[in-house]
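Just so you know, all these numbers are worked out from the coordinates, no wet-lab data involved. What you see is a predicted model, and the numbers here were worked out from it, not measured in a lab. Backbone-built Cβ (ideal geometry, glycine too); neighbour counts: all protein chains shown.
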Amino acid sequence: MAASMASQAVARGLRAATSKHLLLDKCKCTQLNPRRWLNLQEYQSKKLMQESGVAVQRFYVADTASEALEAAKRLNAKEIVLKAQILAGGRGKGVFDSGLKGGVHLTKDPAVVGELANKMLGFNLTTKQTPKDGVKVKTHRLKTHFQVMVAEALDISRETYFAILMDRACNGPVMVGSPQGGMDIEEVAAKSPELIFKEVIDIFEGVRDDQALRMAANLGFKGPLERQAADQIKRLYDLFLKVDATQVEVNPLGETPEGQVVCFDAKINFDDNAEFRQKAVFAMDDMTESDPTETEAAKWDLKYIGMDGNIACFVNGAGLAMATCDIIDLHGGKPANFLDLGGGVKERQVYEAFKLLTADPKVEAILVNIFGGIVNCAIIANGITKACRELELKVPLVVRLEGTNVHEAKRILSESGLPITAADDLDDAAKKAVAAIKK
Ligand code: ADP
Ligand code: MG
């Protein structure tokens, strides 16, 4: 229940990581994916791939129909593929609110490219990974935001799935692949888990030749294609390391009738902690599709995830966030969002956190559930009282603090004269928050 809510929230509006789900399907465990702050469009990921010698088809990017047409002519290819650039997957089977079906279109006639682009640019594309109203394919010209990709289409005789990702269970990178890739990979994983292959990589050793060849064979590449695919796999791993990725996903990794192995789609996620040494990659960041609240939260080093209930949750750590979600759910309530404070907290951050939480009109109660390990509870208490006074808090506030300096924190709260409901433990806090709304 809460796990699915949280993962829904995490997947919302993002080009979600199928590979993570493929692994989780196998592990039968649930996990709250950390929010990824850096999201790149497909064409940006493909630029990085090109730089690492990975095989991608020739492409241009365009943000007007006439530019798209121009690009199609310049490609001078047998067939052209036009791909909407949004930060969500499942585009192939998506629908535009212009009526156009499919965010990926193939045509042999470059003249049609302009018409297609006209039905894509400026319209919302809804896919199984977007919110139900879809995501707008933008037309405004910003330096890095061109929104349709015009590429050389190739015949694809077979579509496979390949990804490399950091996996907690394996303490390092893992390759995941399937000979039946393409747009129905989730179904393959659910119905035929035996068609999902895994290969654990030793981070000190890298991908060994035998591993790359075994994966290539498992993906169904035969004869000379097996070596070619193994070579692509190794290049993708080099890229994975070079850009500090947490995931490189290629679906489809395809085979052409002419005997080429090509990466037809790309999704890369990055380790946010590596920003200091990946300046060029992070400079490409496309924040235009991010939830403005999430972006504002990030400025204060806070992680915000919006959901659709009415209880705002202010917590520290993803684990506590999940537990808080679950217990609210158990007592019949629904989280509106959660804001993760992390460690090393300053009073100002607590204040900003409250500002963000109360800005959401759905919120009818706030539940604070902070465990002070590194965090000093007194700082939290001071932040809370200051925020309550300055923001003239209008919704009930239930606070459960535990850990470092908690006695001082409780004193600050009780002497504040503010209508704050104190709770003894998480269960008590959740009950009181749900009850506060029912009143
Ligand atoms: P998404 O994963 O968002 O649906 P893809 O980039 O994987 O988008 O494209 C969807 C499908 O379109 C692919 O599975 C493939 O069959 C087809 N396709 C994508 N790029 C090309 C291309 N360059 N040439 C031919 N077919 C393509
Ligand atoms: Mg794809």
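At a 10 Å Cβ-Cβ cut-off, how would you order Glu115, Glu294, Glu249, fewest neighbours first?
Least crowded to most crowded, the residues run Glu115, Glu294, Glu249.
How do Asp329, Asp184, Asp340, Asp133 line up, fewest other C-beta atoms within 10 Å first?
Asp133, Asp184, Asp329, Asp340
With label points built 7 Å along Cα→Cβ from the Cα atoms of Asp285 and Lys299, find their separation and express it in nm.
Output for this residue pair reads 1.2 nm.
List the GluC sites (Glu not before Pro) within region 401-436 that fall in a DSSP loop (any state other than H, G, I, E or B) and whose Cβ has at most 14 other Cβ atoms within 10 Å.
Within region 401-436, no GluC sites (Glu not before Pro) qualify (loop, at most 14 other Cβ atoms within 10 Å).
Stretch Asp428-Asp244 to full length: gain in nm at 0.36 nm per residue minus the Cα-Cα span?
Residue separation times 0.36 nm, minus the Cα-Cα distance, leaves 62.0 nm.
Using a Gaussian network model of the chain whose springs link C-alpha atoms within less than 10 Å, name the residue from Val250, Val281, Val368 with the highest mean-square fluctuation.
Val281
On full extension of the chain, what length is gained from Lys101 through Glu186, given 0.36 nm per residue of separation minus the C-alpha to C-alpha distance?
28.5 nm
Need one number: convex hull volume per residue for the chain, Cα atoms only, in Å³.
Value for the chain: 148 Å³ per residue.
On the principal axes of its Cα set, how long, how wide and how thick is region 321-439? Give whole Å, largest value first.
Reported extents, whole Å, longest axis first: 32, 27, 24.
Considering only Asn251, Asn310, Asn337, give the residue with the highest GNM mean-square fluctuation for the chain, with springs between Cα atoms whenever their separation is below 10 Å.
Asn310
Averaging over all projection directions, find the projected area of the Cα convex hull of region 199-279 and quote it in nm² with one decimal place.
The Cα convex hull of region 199-279, projected and averaged over all directions, gives 5.9 nm².
Specify the residue with the greatest mean-square fluctuation among Leu125, Leu391, Leu236, computed from a Gaussian network of the chain linking alpha-carbon atoms under 10 Å apart.
Fluctuation is largest for Leu391.
At a 10 angstrom cut-off on C-beta neighbours, averaged per residue, how do the peptides 55-62, 420-427 rank from highest to lowest?
Most protected by this proxy first, the peptides run 55-62, 420-427.
Compute the helix-to-body angle for 65-75: its Cα long axis versus the longest principal axis of the chain, expressed 0 to 90° and rounded to tens.
The helix 65-75 is inclined about 40 degrees to the chain.
Which angle from 0 to 90°, rounded to the nearest 10, does the C-alpha axis of helix 347-359 make with the longest principal axis of the chain?
The two axes meet at around 70 degrees.
Are there any GluC sites (Glu not before Pro) in region 60-113 that are in a DSSP loop and have at most 15 other Cβ atoms within 10 Å? List them by number.
Glu79
Sort Ser45, Ser52, Ser66 so that the residue with the fewest other Cβ atoms within 10 Å of its own Cβ comes first and the one with the most comes last.
Neighbour counts put them in this order, fewest first: Ser66, Ser52, Ser45.
How far, in degrees from 0 to 90, does helix 426-438 lean away from the longest principal axis of the Cα atoms of the chain, to the nearest 10?
90 degrees
Calculate, for Asp202 and Leu391, the FRET efficiency according to 1/(1 + (r/R0)^6) with r their C-beta to C-beta distance and R0 30 Å; round to the nearest 0.05.
Efficiency for this residue pair is about 0.05.
Less than 20 Å from a label point 7 Å out along the Cα-to-Cβ axis of Leu330: which backbone N atoms in region 370-403 qualify, by residue?
Once the point is set 7 Å along Cα→Cβ of Leu330, 370-372, 398-403 turn out to lie under 20 Å by backbone N, inside region 370-403.
Relative to the present Cα-Cα distance, how much length would full extension add between Asp209 and Lys93 at 0.36 nm per residue of separation?
38.2 nm
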